[in-house]
Amino acid sequence: MEYQFREIEEKWQDEWRKRNTYAVSEDKSKKKFYVLDMFPYPSGAGLHVGHPLGYIASDIFARYKKHRGFNVLHPMGYDSFGLPAEQYAIQTGQHPAITTKNNIERYREQLDKIGFCYDWSREVRTSDPAYYKWTQWIFSVIFNSWYNKETDKAEHLDRLIEKFENNGTYNVEAALEEGWYKDLLNSSDFPLFGKDFCGEFTATDWQSLNNEQREKVLMHFRMAYLADSIVNWCPALGTVLANDEVKDGVSERGGHQVEQKLMRQWSMRISAYAERLLQGLNKIDWSESIKEVQRNWIGKSEGASVRFQLNGHAEYVEVFTTRPDTIFGVSFMTLAPEHELVLKITSADNKEAIEKYIGAAKLKTERDRQSDVKNVSGQFTGAYALHPFTGEKIPVWIGEYVLAGYGTGAVMAVPAGDQRDWDFAKKYDLSIPNIFDNTDISEKAETSKEVKLCNSQFLDGMIHSDAMPRIIAAIEEGDFGKGKVNYRMRDAVFSRQRYWGEPFPIYYEDGIPHLIDTSSLPVVLPEVDKYLPTEDGEPPLARAKGWVYVPNSAKDSNKLSNAQSLPKKNEDPRVESRINSNQKAPHPLPLTKGDAGDSNNVRTTASQFGADDYASQSNLIFKTTGDETRAEDDLEDSLEHNSEHFATSLEEAGHIWKTSNPKKREFLKAHARNMRKEQTQAEKLLWEKLRNKQIGYHFRRQYPIGPLIVDFVNFSHKIIIEVDVKIHETDQNREYDISRADYLWNLGFNVFQFTNEEVMANIEDVISRLSRKFPLSLEERSGVRPPKIDGSAKDLGNTNFRHLEYNTMPGWAGSSWYFLRYMDANNASEFASRDKIDYWGQVDLYMGGAEHGTGHLLYSRFWTKILFDHGHIGFDEPFQKMINQGMILGRSNHVYRIIGTNKFVTSEKKDEYKTQQLYVDINIVDNDILDTNAFKKWLPEYENAEFILNDTGEYTCTFAIDKMSKRWFNVANPDDLCEKFGADTLRCYEMFLGPVEQSKPWDTKGINGVHNFLRKFWRLYHNSNNEIEISNEVASKAELKTLHKTIKKITEDLDRFSWNTCVSGFMICVNELQEHKCNKRAVLEPLVVLLSPFAPHIAEEIWEKLGHSKSITQAQWPAFDNAHLTEDEFSYPVSFNGKTRFFISLPADLSASEVEKIVLQDEQTSKYLEGKAPKKVIVVPKRIVNVVV
RNA sequence: GCCUGGAUGGCGGAACUGGUAGACGCGCACGACUCAAAAUCGUGUGUCUUCGGGCGUGUGGGUUCGAUUCCCACUCUAGGUACCA
């Protein structure tokens, strides 16, 4: 065969890998374009043909944009935390990390075969500690945030504390839970706030609180907060679920029962962003349906909250209504059974019935409650409320149809205007006062907003829109309530009682959660013996040995016990020193100049920088960390006057230096320069080797990193080489070395230490040891650090040890920000550098399924807004344009077995027998005809199958369109197709199927047509001996026309994301060129560039054969020249009364009147005029002539 | 119920701002080359027809010289969503 796609594809996939063809870097001379696919969860089943649909489309687009001169970011990664791997772990005991790793390898293999242009050096995996370190960091940012409604953004909690300190809650407008303060009211810890506390306190109040009390208050303000809330508890999965993970009362994953349960859980205050999430939809280019899903989810409704005083009680019932204009139609009220006032107001003679009703409601599952929709039910409490305008007594009922979770959990019932209220009133024989003019409400409620009101005092004669402002004003005037906007969206539950997720950067002390310092991140997922909850119902992480935080001093400087880098427990001196020592590590930086040249050439020992002075200096830093500017000024002073400075720990110093001003940076650089001049013998020797790239990588020497200066560093592989006189010479040196290693480790560096002796004695050995180590894989870089302390928190008791959070984060945590990480995937010191984020910016094209409307897509918009508010990124919407690829459905085939036998009957005759429908593997069915021999071999039980065939002697199957699933034996797998037809064919065929957004059944029949097209394409360039044969002759006019028509078509179609029509365009082009027998370079060379985004392998191969040494991916997109398309003649369709009758060829530049004249003179025209005079003639130049008779 | 899409040959689909409906591919039929098959190439392929033409883009109406395209009403269908006050 001429077109050897297997060889070609293998060759180029290899070459691309070798040449690093798809690596991109920030190139500010070029405009950027960011094309992103929703990263997959690496499931065990591997990819089927539906998955790559979107990937292929975006890949084509990315390649196209590259040809157009854009710098294109097109990365890929894995959403690798999640339930399936964990469920598998529970069943088999295999660590989810292993399952995940295997699945990822399989995915990668499959992806590689399709020839994508991903820059794999930017790969992210959400379960990689080097990645989730930053997920934890973002959690910390959110934890330290509150939502200031005044500025309408999230702000650092310090701003709030400052406000509290100065003015208490005066002028604090924060996004809070309704009635947040009740928690404090009931607490014995807060005697100070008294019985009448309603959430407001003074600066004096605040100052009188102790730390613990303050923490409790602040918890209510945080954007990530711990609170008792009613959550969806799924007993089968043993975890809580967010609202978007529950569908129809069962879990989305697995379809398990879900119950409502009051639990203490982490939540994210997404409700604070409701309005911004809603408004933001207007500035992004997403499909209307997804936007609508989000609008519904946010559920904004405008109306009023109204208070109804209870007769004979001090309390009132507050309701929310979107129809306050119908308030004069209120004839009763209904509270949710869970409403807090219910038991209080129920009269003695109704008590029994009410309790019974509540009890019955409690027993029902969410699903039962939802299926009972049509049967309204309720119970009278015996209490009455007073109508705010008329003073009438209104009976108060409870009813299941009122949900505790929406609005205030109470409604004012207007049976005339609401169908549910109407049903309720009918059932319990309550009055239905009519408030609508000329309207019959005896059969159903009137819900139109266009009907005039009556019996409504000052609202009489008005319709809804006129009455609204009037009634809200009246309500506010009378102080019964106020106009209000309500959102349905609730805060998102953020904790899961699961193992395979991100640990929280949180530890508990006396039940109060505290943040683990960001410098100690990541908190690495610990090993556990089982992936199940503990016997007393704690999440799996409670099983972890050493899942505790070890206090090491009276001060609040804590070290995470397992956040240490040396693997062998007994040899790791840090554990001991951390636990036993109250001393802090001194600052490692030798700030006095000229100390590098002492007798031993030792630059950095603790003794040199006066550890004794530490105590007097440390306050400086501690006091001022809240005020960055102040601290930096002080630091500056200390640098200049003392030339010595100490932070409390390396981490703190690192933090300060990171945010420091250029002056300090200069100081460090100058210091490093001095050190370079005064290298030791060993350093000089090693440098000679390193500078000649003897181990293959470029190193810098004596380079400042944070507050440190390291000997040799390679940034891209995160390697540091240190040469010291001796390692761990004294206790103090050792402590310093440890801190230093820790600091660098936390920045993601691997530190290799050699002694002077080692280097001097055998430099070659040192070099070869290093070369063996490189390049470091991602795993090696991030490594999993084993816990250092035996025994769980429980074993150790809570007196000396503080346990870490047992919950893990939900699946959407990692996926909410991954698009940012791709911009700077290997950054060990930040989640991504601001510089790179500013360059790559928003995702320009986001490709993925539409099923994430209320989950991932909402949460990532939410996190993006928080990061924006804090100034970490410069945009507040993550995905500018999104295209949702449709689902590819499977076409499954059925056979019919006669019940009780092993006989199978063809579908035509199936009704003659009593049969059972069975699914059959689509691979042994061709065009609905079953291969009976293959069927016998397919499963052992069919070995002796017999068949009743149709009249033509064939067995025909019926078919159905189902989701692709192993269960239906209808999975088409991309590997097989790549093997059979090649990746280029698969790519083109998937595009050719139809518009990407559309769902469509997979059908392999058409793939031959596309494959043939590529073979024809190949033949254009090759002679019958399969040798390339290209002429350099001048192309003919017709050939150039074909080419430029195609350039225009492909360019325009790609610009409007119409991949399918591009493929037809290519087919037309190839057919035409074949007709012209064209083999001219002037036509075929641009053409291969046009095709290369679609079929990169064949294009690359031909490009090389055409004599190019550079990859075709760097070729420029062919320029379109309209001159080749201009025609001298145009064939006008001439129609009479809109019906085309004949064609007439005329010069293209004729004016409308000239055309009209010629057409009317034409003899064919007179035939159709039948002697009548034309009433009107319409001429659209170069389009159409229409004669009206 | 509500929201958002969709409806065009035997099939997947094309027709971009109203201007030759059915591009391109599949399938099917016939033909060429072959002992034959495969592959390849060629021709035809909406439908009815008395061979003049008639009818055709879910249905009914409207706007227009002209409507698959715009407007109104409806039918069917896919997806989403809900005792949301």
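The values are calculated or read from the model by the stated rules, or taken from the named source; none is laboratory data. What you see is a predicted model; the values in this text were computed from it and never measured. We place every Cβ from the backbone using ideal geometry, glycine too, and count neighbours over all the protein chains shown. Heads up: the accessible areas ignore ligands, DNA and RNA and are worked out on the full protein's heavy atoms, side chains in. Shrake-Rupley method; radii C 1.70, N 1.55, O 1.52, S 1.80 Å.
General remarks:
- Against the list (1) within 16 Å of RNA strand B (Cβ to nearest atom); (2) at pLDDT 85 or above; (3) exposed (fewer than 14 other Cβ atoms within 10 Å of the Cβ), the condition residue A:281 fails is (3).
- Residues in region A:418-436 that are open to solvent by 10 Å² or more (accessible area, probe 1.4 Å) and over 42 Å from the mean Cα position of the chain (by Cα): A:422, A:423, A:426, A:427, A:428, A:429, A:430, A:431, A:432, A:433, A:434.
- Residue that is nearest to RNA strand B (Cβ to nearest atom), among those in region A:261-278 that are of a type in the set (A, V, I, L, M) and more than 17 Å from the chain's Cα centre (by Cα): A:274
- If you filter region A:302-327 down to residues that are hydroxyl-bearing (Ser, Thr, Tyr) and part of a strand (DSSP E or B), you find that the one that is farthest from RNA strand B (Cβ to nearest atom) is A:316.
Residue by residue, here is whether (1) among the hydroxyl-bearing types (Ser, Thr, Tyr); (2) modelled with pLDDT under 75; (3) more than 44 Å from the chain's Cα centre (by Cα) holds:
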{"site": "A:872", "(1), (2), (3)": "no, no, no"}
{"site": "A:896", "(1), (2), (3)": "yes, no, yes"}
{"site": "A:913", "(1), (2), (3)": "yes, no, yes"}
{"site": "A:928", "(1), (2), (3)": "no, yes, no"}
{"site": "A:947", "(1), (2), (3)": "no, no, yes"}
{"site": "A:951", "(1), (2), (3)": "no, yes, yes"}
{"site": "A:961", "(1), (2), (3)": "no, yes, no"}
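- Residue A:1090 being among the aliphatic types (A, V, I, L, M), in contact (Cβ under 8 Å) with a residue 12 or more places away in the chain, open to solvent by less than 40 Å² (accessible area, probe 1.4 Å) and within 14 Å of RNA strand B (Cβ to nearest atom): no
- Residue A:128 fulfils the conditions (1) under 30 Å from residue A:999 (Cα atoms); (2) touching a residue at least 12 places away in the same chain (Cβ under 8 Å) except for a single criterion, (1).
- Taken over region A:448-503, the criterion of being without any contact (Cβ under 8 Å) to a residue 12 or more places away in the chain and either open to solvent by less than 20 Å² (accessible area, probe 1.4 Å) or within 23 Å of residue A:226 (Cβ to Cβ) (or both) is satisfied by no residue.
- Residue A:1120 within 11 Å of RNA strand B (Cβ to nearest atom) and either open to solvent by 80 Å² or more (accessible area, probe 1.4 Å) or outside any helix (DSSP H, G or I) (or both): no
- Just one residue in the set A:404, A:416, A:410 is within 14 Å of RNA strand B (Cβ to nearest atom) and over 21 Å from residue A:480 (Cβ atoms); that residue is A:404.
To keep it simple, each residue is scored yes or no on (1) out of contact with any Leu (no Cβ under 6 Å at 6 or more places or on another chain); (2) open to solvent by 60 Å² or more (accessible area, probe 1.4 Å).
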{"position": "A:304", "(1), (2)": "yes, no"}
{"position": "A:318", "(1), (2)": "yes, no"}
{"position": "A:323", "(1), (2)": "yes, no"}
{"position": "A:329", "(1), (2)": "yes, no"}
{"position": "A:332", "(1), (2)": "no, no"}
{"position": "A:337", "(1), (2)": "yes, no"}
{"position": "A:349", "(1), (2)": "yes, yes"}
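- If you go through region A:483-497 and keep only what is within 15 Å of RNA strand B (Cβ to nearest atom) and of a type outside the set (Asp, Glu), you end up with A:483, A:484, A:485, A:486, A:487, A:488, A:489, A:490, A:492.
- Top-ranked residue in region A:372-401 [being part of a loop (DSSP other than H, G, I, E, B) and away from RNA strand B (no atom under 16 Å from the Cβ); ranked as most open to solvent (accessible area, probe 1.4 Å)]: A:392
- Test: residue in region A:1114-1128 that is over 54 Å from the mean Cα position of the chain (by Cα) and more than 30 Å from residue A:4 (Cα to Cα): yes
- Residue that is farthest from residue A:181 (Cα to Cα) [pool: residues in region A:206-245 that are within 16 Å of RNA strand B (Cβ to nearest atom) and crowded, with 17+ Cβ neighbours inside 10 Å]: A:245
- Residues of region A:419-456 that are among the aliphatic types (A, V, I, L, M), assigned to a loop (DSSP other than H, G, I, E, B) and more than 12 Å from RNA strand B (Cβ to nearest atom): A:430, A:432, A:435, A:441, A:451.
- Pairs, first without any contact (Cβ under 8 Å) to a residue 40 or more places away in the chain in region A:167-181, second surrounded by fewer than 16 Cβ atoms within 10 Å (Cβ to Cβ) and among the aliphatic types (A, V, I, L, M), C-beta under 6 Å, six or more apart: A:167/A:203; A:168/A:203
- Scanning region A:1124-1139 for residues that are near RNA strand B (Cβ under 8 Å from one of its atoms) and open to solvent by 80 Å² or more (accessible area, probe 1.4 Å) yields A:1137, A:1139.
- A Cβ distance below 7 Å, combined with a sequence gap of six or more or placement on separate chains, defines the contacts here; from region A:790-818, residues that are closer than 18 Å to residue A:140 by Cβ and among the basic types (Lys, Arg) reach residues that are modelled with pLDDT under 90 and not in a loop (DSSP other than H, G, I, E, B) in the pairs A:802/A:507; A:802/A:508; A:802/A:509; A:802/A:548; A:802/A:549; A:802/A:551.
- Those residues of region A:1053-1072 which are more than 24 Å from residue A:1021 (Cβ to Cβ) and either more than 7 Å from RNA strand B (Cβ to nearest atom) or assigned to a loop (DSSP other than H, G, I, E, B) (or both), in sequence order: A:1055, A:1056, A:1057, A:1058
- Residue in region A:834-842 that is of a type outside the set (Asp, Glu) and under 24 Å from residue A:497 (Cα atoms) present: no
- Residue count, region A:209-228 (criterion: without any contact (Cβ under 8 Å) to a residue 12 or more places away in the chain and assigned to a strand (DSSP E or B)): 0
- Look at (1) modelled with pLDDT of 95 or more; (2) touching a Pro at 6+ places or on another chain (Cβ under 8 Å) and you find that residue A:16 fails only one, number (2).
- Screening region A:1163-1189 for residues that are more than 12 Å from RNA strand B (Cβ to nearest atom) and exposed (fewer than 14 other Cβ atoms within 10 Å of the Cβ) and picking the one that is nearest to residue A:1127 (Cα to Cα) gives A:1163.
- Scan of region A:92-122 for residues that are outside any helix (DSSP H, G or I) and open to solvent by 10 Å² or more (accessible area, probe 1.4 Å), ordered by number: A:93, A:94, A:95, A:116
- Condition check for residue A:1099: part of a helix (DSSP H, G or I), surrounded by 15 or more Cβ atoms within 10 Å (Cβ to Cβ) and either acidic (Asp, Glu) or more than 13 Å from RNA strand B (Cβ to nearest atom) (or both): yes
- Subset of region A:163-192 that is of a type in the set (D, E, K, R) and modelled with pLDDT under 80 - its residue that is surrounded by the fewest Cβ atoms within 10 Å (Cβ to Cβ): A:178
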